[in-house]
Amino acid sequence: QVQLVESGGGLVQPGGSLRLSCVASGSKFNIGAMGWYRQAPGQQRELVAKITSGDSTNYADSVKGRFTVSRDNAKNTVYLQMNNLKPEDTAVYYCNVRILFAEYWGQGTQVTVSS
């Protein structure tokens, strides 16, 4: 059973930084793409950033230049470095991992950007 455990969310002032981590465990197979989505109240879940097994990345336009996604395959971990955070980045952030033809979600971690 694949499990994803996220950490690193919290409350930060505008302009601040946070780093999210997501550790995947329980997989018998190599992990494919890993990424982060977010969902703000009353809005649909949206892609923030993702990274393939070949380290290709793509980002939502709203976070380009501010967020960086990376992965450590030895640790089965994906990271999201978030800089220059804005109030509109406030949301629950979810880790997403694809293994073979299945995808898995973390439980979500709250990020709140407020003064």
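The values are calculated or read from the model by the stated rules, or taken from the named source; none is laboratory data. Given the structure is predicted, the values throughout are model-derived calculations rather than measurements. Methodologically, a virtual Cβ is constructed for each residue, glycine included, from the backbone with ideal geometry; neighbour enumeration extends over all protein chains shown. Surface areas here come from the heavy atoms of the whole protein model, side chains and all, with no ligands, DNA or RNA. Shrake-Rupley method; radii C 1.70, N 1.55, O 1.52, S 1.80 Å.
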Starting with the highest mean, order 30-39, 81-90 by the number of other Cβ atoms within 10 Å, averaged over the residues of each peptide. 30-39, 81-90
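May I ask you to give the percent of accessible area on the chain that is carbon plus sulfur, with a probe radius of 1.4 Å?
Working: 2930 of 6350 Å².
Carbon and sulfur: 46 percent of the exposed surface of the chain.
What fraction of the DSSP beta bridges in the chain is antiparallel, stated in percent and rounded to the nearest 5?
Values: 38 of 41 bridges.
DSSP beta bridges in the chain are roughly 95 percent antiparallel.
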I need the phi-derived Karplus couplings for segment 64-71: 6.51 cos²θ - 1.76 cosθ + 1.60, θ = phi - 60°, integer Hz, Gly and Pro marked x. 4, x, 10, 10, 9, 9, 8, 9
Dipole of the chain, positive direction: furthest Cα of L47, S62, Q1, with charges on the beta-carbon: Q1
Measuring from label point to label point, each 7 Å out along Cα→Cβ, what is the D61 to R19 span in nm? 3.1
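Can you tell me the accessible area per residue over the chain, all protein chains present, probe 1.4 angstrom, in square angstrom?
55
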Integer Hz, Karplus 6.51/-1.76/1.60 couplings in order for segment 100-110, x for Gly and Pro: 6, 9, 10, 10, 10, 10, x, 7, x, 9, 7
When the Karplus curve 6.51 cos²θ - 1.76 cosθ + 1.60 is applied with θ = phi - 60°, which whole-Hz ³J(HN,Hα) does each residue of segment 45-52 get, with x for Gly and Pro? 5, 10, 6, 9, 6, 8, 9, 7
